[in-house]
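Worksheet for the structure shown next.
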C-alpha cells in the first residue's frame, strides 16, 4: 500500500516468535506499527512488554527478535514501513520502541481512528484510493503522535544506546563469557556509562542477562521439539556454567524446579497479566 506493507491478522490464541533466525533470514528490515483491532495482544521486545487492547498501537522493529502472545481470539493490523522511510518522519524511532499508544487518548487516538476508519472503508478497493496521500497522512500523524511527548535529546540518545546494548546482549546471550565489561568493550563505551543506562530501569546489566537466560531456558523446557534434551544440556547451551546455581535461581523465579516446570500443564506466564 504505497510506502506501507499491511497485514490484517485474525487469529485464535497463539504464541508468535520472531527469533534471531528469522531476523537473519529476513531480506528487509521494517519498523512495524501494530494496531489492535479486536481482543488483546501482549508484545515483548528487548525486555519491554506492551499489552495492546482494541484501538491501541505500538512500534516494533523487525530487525530485532520479538514475541507476541494472546490468550483469546483477536484481530491485529500491522503496518510495515522501511527503516529509512519512518526515520524521515519519526525522529529517533528506537527511543519509542514498545511504547503503548492508547487508542482513546488525544493525538494517538486520532491516529488510531484514522487508520481503522480508512482500512474498514477501503481494504477491499485500494486501487481506487490515492495511496501516496493516504500513506503520507498516516506517517505524518504518527510523527505528530510520537513527537507530542518526545524525550529530550539526551534521553533519546540514551534510548538508542539502550537498544544497541540489549540487542548485543540478545545476540550473545548463549555465550557463557558474556559480562558487562566485555559488552562495554565490544560497543566501545565505558563500563560506567553501560551501568548508568541500565540503572535508569532499576535493573543491572548482570541481572538482565541472568533473567533473559532464565526465560530462554524456560522456553526450551516447554518446547516439544526439545523433549529429548536433558535439563543440563539446555542449561549449559544458554550461557549458564553452574547447574546448581541455575536450579536455585530458577526455583526462585518460577516457584518450582526445572524438571517440575517442564512437566507442568500450566506454567507461569512471563508476560504481565492483562
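The values are calculated or read from the model by the stated rules, or taken from the named source; none is laboratory data. Being a predicted model, the structure only gives us computed values, none of them experimental. Here the Cβ positions follow ideal geometry from the backbone for every residue, glycine too, while neighbour counts run over all protein chains shown.
Key figures
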| quantity | calculated |
| --- | --- |
| Residue within segment 6-29 that is under 18 Å from residue 146 (Cα atoms), in contact (Cβ under 8 Å) with a residue 24 or more places away in the chain and assigned to a strand (DSSP E or B) present | no |
| Sole exception among (1) at pLDDT below 90; (2) in contact with a strand residue (DSSP E or B) (Cβ under 9 Å, 6 or more places away or on another chain) for residue 56, by number | (1) |
| Complete set of residues in segment 35-50 that are part of a strand (DSSP E or B) and either within 11 Å of the chain's Cα centre (by Cα) or free of Cβ contacts under 8 Å to residues at least 12 places away in the same chain (or both) | 42, 43, 44, 45, 48, 49, 50 |
| Number of the condition not met by residue 112 [criteria: (1) touching a residue at least 60 places away in the same chain (Cβ under 8 Å); (2) surrounded by fewer than 19 Cβ atoms within 10 Å (Cβ to Cβ); (3) assigned to a helix (DSSP H, G or I)] | (2) |
| Residue among 102, 191, 130 that is out of contact with any strand residue (DSSP E or B) (no Cβ under 6 Å at 6 or more places or on another chain), farther than 26 Å from residue 66 by Cα and either assigned by TED's automatic domain parsing to the domain that holds residue 21 or touching a residue at least 12 places away in the same chain (Cβ under 8 Å) (or both) | 130 |
| Residue count, segment 207-236 (criterion: closer than 25 Å to residue 68 by Cβ and surrounded by 13 or more Cβ atoms within 10 Å (Cβ to Cβ)) | 17 |
| Residue within segment 8-17 that is in contact with a helix residue (DSSP H, G or I) (Cβ under 8 Å, 6 or more places away or on another chain) and over 22 Å from residue 104 (Cβ atoms) present | no |
| Residues satisfying the stated conditions in segment 215-233, i.e. in contact (Cβ under 8 Å) with a residue 12 or more places away in the chain and over 24 Å from the mean Cα position of the chain (by Cα) | 231 |
| Residue match in segment 52-64 (condition: touching a residue at least 12 places away in the same chain (Cβ under 8 Å), surrounded by fewer than 22 Cβ atoms within 10 Å (Cβ to Cβ) and assigned to a strand (DSSP E or B)) | no |
